[in-house]
Amino acid sequence: MLGEYRIEGRRAAEISANVERAVGSGELRPGQLLPPMRELALELGVNPNTVAAAYRTLRERGVIETAGRRGSRVRAKPATTGREDIRVDVPPGVRNLADGNPDCALLPGLADAFAAAAALSDREPVLYGEPTVEPELARLARADLDADGVPDGPVVVTSGSLDAIERVLAVHLKPGDTVAVEDPGWGSLLDLVPALGLRTIGVGVDDEGPRPEDVRRALEGGARALVVTDRAQNPTGAAVSAARARALRSVLEQHPQTLLIEDDHGHHIVDLPLHPLGGTTRHWALVRSVAKAYGPDLRLAVLTGDPLTLDRVSGRQQVGPGWVSRLLQRAVVRLWVDGTVDVPAVAASYGRRRAALIDALAERGVEAQGRSGMNVWIPVPDETGAVARLLHAGWAVAPGARFRMGAPAGIRITVSALAPEDFGPLADAVAAAVGPAPARRYV
């Protein structure tokens, strides 16, 4: 059942930690069946209730799953291992189109902004007990949100989009609740949900965003929350259109208790308008990260939503890290005020690259999609083979397994590092590696 590995421990916490460590190290593999609780209790010389408590902890942490009489086994994609382990090692001489990073040439310089922020902090130090959000950052962020039609709400600053999403989920849901997520969708989110002890249910995605019929089915099936990427969806590039937003609002109006979370990480790198869904349900939140437009290492996002949700998030943050550095917030304010990012030019640059690659692939009979953002998604019949053949041809791409639950196989190509002379050779290599793609079943 477990091969050579033997579970150890006398207390529930020791047993669960032992199993989790083994899953993380690879000694216990995805899909491996764990011993029945009574059998393991007898082997360890403990009460069966102790093993039951350990297994319950492992389920809540997203490490194992239990299917009634078929027993408990390591999840196919356990939260302990993370989807970032499903990556391609890029050897020297191979072009890296797998990492999802922005084009560094389009990112602003940070030195002047941080120097100005540091000078302000020298004059006006931020001490304990002061506001956790820089007033000017809150004002500028709220003005941007108002201009995009996002309902009024408080502003909280978090350490990136994923931090915001985690905090919103944690203040509303309990272990065992189900969250509807896009499939294919952001791998880090697909890791986060089970790590919080929550269950996931996938909703299909096409160029205009989540499919309303899939969202309806998920909510009618008991999903307590829905996470939607408004623009630059990772990995498909989908962007919620006006018509799709109306259809999704119609579905959400029938489920007003749903916790709605919108991720607008594409803000300032896309030229498509935002069509927000917030306010349709009682509890909602929308998060905007500065990572793609200003630099991933800034680790800052702005979160808004209904007052109760934001109050809970802010309260929980204050008994943990307290706040996101006001020095950092002041630097971001300076970047915004100085207009260091030419948003139309950045959006146009990524748009030209996506269009050039999609067109080149179409000329070779390969279907691809990428309506916004910096990624192109290509359905493939054999994901592992396609990734390996492209690597051999000198191109590293991201395997779709990092982003999928039940969606068909695919590969993701990040266009940020591509130059005009690259599109033909890359399209030739993709066509040779994958052949004409099958029809998209998730559209």
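Since every read-out is calculated from the coordinates, none of them should be taken as a lab result. What you see is a predicted model, and the numbers here were worked out from it, not measured in a lab. Don't worry about glycine lacking a Cβ; one is built from the backbone with ideal geometry, like all the others, and counts go over all protein chains shown.
Where the centre of each part is set by its Cα atoms, how far does the stretch 115-146 sit from the stretch 269-345, in angstrom?
After rounding, the separation between the Cα centres reads 13 Å.
Dipole size in debye (nearest 20) for the chain around its Cα centre, Lys and Arg Cβ +1, Asp and Glu Cβ -1?
1400
With 10 angstrom as the radius, rank Asp103, Asp230 by how many other C-beta atoms surround their C-beta, starting from the fewest.
Fewest to most other Cβ atoms nearby, the residues stand as Asp103, Asp230.
Taking a ≥ b ≥ c as the square roots of the eigenvalues of the Cα gyration tensor of the chain, is the shape rounded (a/c under 1.5), prolate (a/b larger than b/c) or oblate?
Oblate, because a/c is 1.5 or more while a/b does not exceed b/c.
Stokes-Einstein at 20 °C, 1.002 mPa s, Kirkwood radius from Cα pairs: D for the stretch 12-74 in µm² s⁻¹?
Reported coefficient: 186 µm²/s.
So what is the relative contact order for the stretch 7-82, in percent, with contacts set as C-alpha pairs under 8 Å and at least six apart?
Over the stretch 7-82, the number comes to 35 percent.
Rank by packing, highest mean first: peptides 263-272, 34-43, with packing defined as the count of other Cβ atoms within 10 Å averaged across residues.
Highest mean packing first, the order is 263-272, 34-43.
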